[in-house]
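Input: a single structure, listed below in structure tokens.
Read the figures in this text as sums done on the coordinates, not as results from a lab. Bear in mind the structure is a predicted one, so any value in this text is a computation, not a measurement. Glycine gets a Cβ as well: all are built from the backbone with ideal geometry, and neighbour counts include every protein chain shown.
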Amino acid sequence: MTRVDEPTVSEIDRRIATIVDLAGANLMSSSDPSFEFVPDGARAGIATVHQRLKAEVRALLELRTVYGDLIACQIVARGYPWAQGELSHYQHLRLAWSQLTRLSGMYDQLILEIDRLHNETLELLSIDVERAIAPSAGGSASRKGGDRGARSDRWYAVAPQSEPPIFESMRVASEWSDVARPFSDHYETARRELLSQIDAMMRTVAAGIADFLVKHRDELTDLIGRCNDMIGNFGAPHGGT
């Protein structure tokens with residue numbers, strides 16, 4: 001398969017659905033099986049493979065959830081739906097920006113975690129395949145180091161000040177009136193900038209998920225199939241649950 005540069009969400013979801021369907025009860029259950037039906041000599045190994053694969057599938061689903069949360073973040077940032085006085089414009093964009101920052105951090109952690117789990121499981125099962133050990137494209141290694149730090153200089157990233165005598169042009173406290181200058185001069189510019197950042201992060205997350213699936217979906221489905229076979233070969237009651 002070739003690398004997906006601009007993946008569609010529906011295509012990503014179809015690929016994930018295939019993996020989840022194969023994972024079935026063995027990996028999607030809320031609790032881990034005891035593997036009491038497996039001989040002592042093999043129990044620890046199977047349990048370790050099972051735990052790694054379960055964590056990898058969970059990380060994949062969490063990555064997809066991050067993308068969904070970014071969609072909600074984008075919707076919040078687009079408009080100002082609150083009645084007068086309930087939430088200031090500053091608080092509105094501050095809320096969206098805080099969510100974007102949290103989701104960006106979650107993505108960076110998950111994309112590295114899923115690569116680590118996948119490589120560890122490959123090694124455990126000694127599958128002879130060629131694979132890149134570097135993090136998937138779209139992870140923190142491919143992001144510009146200064147991008148996130150640059151956001152801290154935006155007015156909606158600055159903690160509100162109680163008695164600011166003078167405001168810098170892009171630093172406006174939440175206590176200030178939404179119609180007073182310099183707030184009214186910069187709100188729309190800041191909102192457009194934040195939406196641009198959210199759009200960029202959505203593309204990064206979608207590309208990262210798609211890149212992982214393009215590189216490792218066949219390996220992952222093979223790993224899950226092998227795990228299912230091992231559990232089945234030992235006569236797991238009710239599919240190992």
With only Lys, Arg, Asp and Glu charged, each at its Cβ (+1 for the first two, -1 for the last two), find how big the charge dipole of region 67-118 is about the Cα centre; round to the nearest 20 debye.
160 debye
Simple spin-label estimate for Thr189 and Ile71 in nanometres, 7 Å along Cα-Cβ
3.3 nm
Just to check I understand the Karplus step: with θ = phi - 60° and J = 6.51 cos²θ - 1.76 cosθ + 1.60, what whole-Hz values come out for region 189-205, glycine and proline as x?
5, 5, 5, 5, 5, 5, 4, 5, 5, 5, 4, 5, 5, 4, 5, 4, 5
